[in-house]
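Structure, as structure tokens:
The values are calculated or read from the model by the stated rules, or taken from the named source; none is laboratory data. Bear in mind the structure is a predicted one, so any value in this text is a computation, not a measurement. All Cβ positions, glycine included, derive from the backbone under ideal geometry; neighbour counts span all protein chains shown. What goes into the accessible areas is simple: the full protein's heavy atoms, side chains included, and nothing from ligands, DNA or RNA. Shrake-Rupley method; radii C 1.70, N 1.55, O 1.52, S 1.80 Å.
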Amino acid sequence: MTDTATEQLGELGFYLLAGHSDSPGDIVREAREADALGLGSGFISERFNNKDATTLCGAAAAVSERLGIATAATNHNTRHPVITATFGMTMHRMSEGRFSLGLGRGFDGLFRAMGLPPITSAQLQEAADVYRRLWRGEKISNYEGALGKFPLLQLLGEFDERIPVSLVAMGEKTQELAGRCMDAVYLHTFYDDPAVEKAVAAVRRGAEQAGRDPASVRIWSILATVGDHIPEEQRLKKTVGRLASYLRGYGDVLVRANDWDPAALRRFREDEFIRDFQGAIDAVATPAE
């Protein structure tokens with residue numbers, strides 16, 4: 001492999017355990033193969049079943065030597081700030097600096113069902129700041145803000161670490177937020193070319209408004225590749241099923257980003273099958289459905 005090809009591969013990332021998984025142990029094989037191929041980063045999403053981000057990140061770090069590892073994404077509101085900061089510090093040192101803590105907004109409906117409030121931009125910005133302060137060894141007393149009230153936030157020991165914080169950003173305002181205060185941003189799988197261009201402009205605009213160098217914020221454009229080497233039923237889950245799940249969860253944002261017809265989204269959501277379906281379509285729907 002030429003040096004030029006190696007440099008290009010270093011800019012390629014991929015999702016470990018892409019989509020749903022009943023076999024989380026597959027991440028071991030995938031991380032090893034990615035390391036051998038020279039891929040730059042492996043992204044790990046989180047689902048409340050067999051995809052706990054902390055466990056999977058540790059496994060990926062343990063069996064790789066060069067692969068960058070990032071949550072893309074986890075949510076700040078499902079763990080205490082000290083617990084998440086500890087996760088980040090553990091991964092940073094275990095991987096010898098190959099880790100980035102990636103956050104996201106998640107699904108408002110799911111959070112309501114869990115008894116958690118929806119995630120706000122103020123919370124995301126404060127979370128990134130709190131984690132960085134903790135990783136620098138700060139002791140934060142009597143914290144009160146968008147994240148909540150905490151008498152004491154502190155990690156044990158003496159250290160001064162710089163761990164990248166990244167954000168999965170769909171809407172323009174969230175993309176600007178990423179430019180203002182994040183080290184990297186991940187765009188959405190189902191963005192068309194104009195949507196990607198608008199997103200990149202929003203991230204850079206946010207960076208400039210905050211007095212940051214726009215080039216300092218790394219932007220990952222995510223493209224779904226679904227090969228015909230897998231059975232047709234699996235291809236349907238990863239294309240039609242996945243898009244259907246996204247449209248149910250945050251279709252309004254996706255439609256606005258791509259300048260799609262909102263009337264089509266309304267017809268989709270008002271369909272009796274979609275309205276009454278229980279669970280994630282790409283996880284439990286049959287090929288016929």
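When GLU208, GLU233 are checked against the criterion of being out of contact with any His (no Cβ under 6 Å at 6 or more places or on another chain), assigned by the TED database to the domain that holds ASP108 and of a type outside the set (Lys, Arg), a single residue qualifies: GLU208.
Within segment 216-234, is there a residue that is open to solvent by less than 90 Å² (accessible area, probe 1.4 Å), assigned to a helix (DSSP H, G or I) and farther than 20 Å from SER166 by Cα? Yes - at least one qualifying residue is present in segment 216-234. On the basis of being open to solvent by 70 Å² or more (accessible area, probe 1.4 Å), of a type in the set (S, T, N, Q) and not in a helix (DSSP H, G or I), does GLN278 make the cut? Taking the combined requirement at face value, the residue satisfies it.
If you take the residues of segment 66-115 that are without any contact (Cβ under 8 Å) to a residue 60 or more places away in the chain and small (Gly, Ala, Ser), which of them is farthest from PHE150 (Cα to Cα)? Among residues in segment 66-115 that are without any contact (Cβ under 8 Å) to a residue 60 or more places away in the chain and small (Gly, Ala, Ser), the one farthest from PHE150 (Cα to Cα) is GLY68.
Among the residues of segment 276-284, is any over 21 Å from the mean Cα position of the chain (by Cα), at pLDDT below 95 and on the phi < 0 side of the Ramachandran plot? So that I can check it myself, show each step before the final result.
Initially, segment 276-284 is screened for residues over 21 Å from the mean Cα position of the chain (by Cα), giving 276-278, 284.
Checking which are at pLDDT below 95 leaves us with 278, 284.
Filter again for on the phi < 0 side of the Ramachandran plot, leaving 278, 284.
Yes: one or more hits.
Among the residues making up segment 264-275, those that are touching a Lys or Arg at 6+ places or on another chain (Cβ under 8 Å) and either surrounded by 11 or more Cβ atoms within 10 Å (Cβ to Cβ) or in a loop (DSSP other than H, G, I, E, B) (or both) are ARG269, ILE274. On the stretch given as segment 92-116, residues that are among the charged types (D, E, K, R) and on the phi > 0 side of the Ramachandran plot total 1.
Residues of segment 239-263 that are free of Cβ contacts under 8 Å to residues at least 12 places away in the same chain, open to solvent by less than 60 Å² (accessible area, probe 1.4 Å) and touching a helix residue (DSSP H, G or I) at 6+ places or on another chain (Cβ under 8 Å): VAL255 alone.
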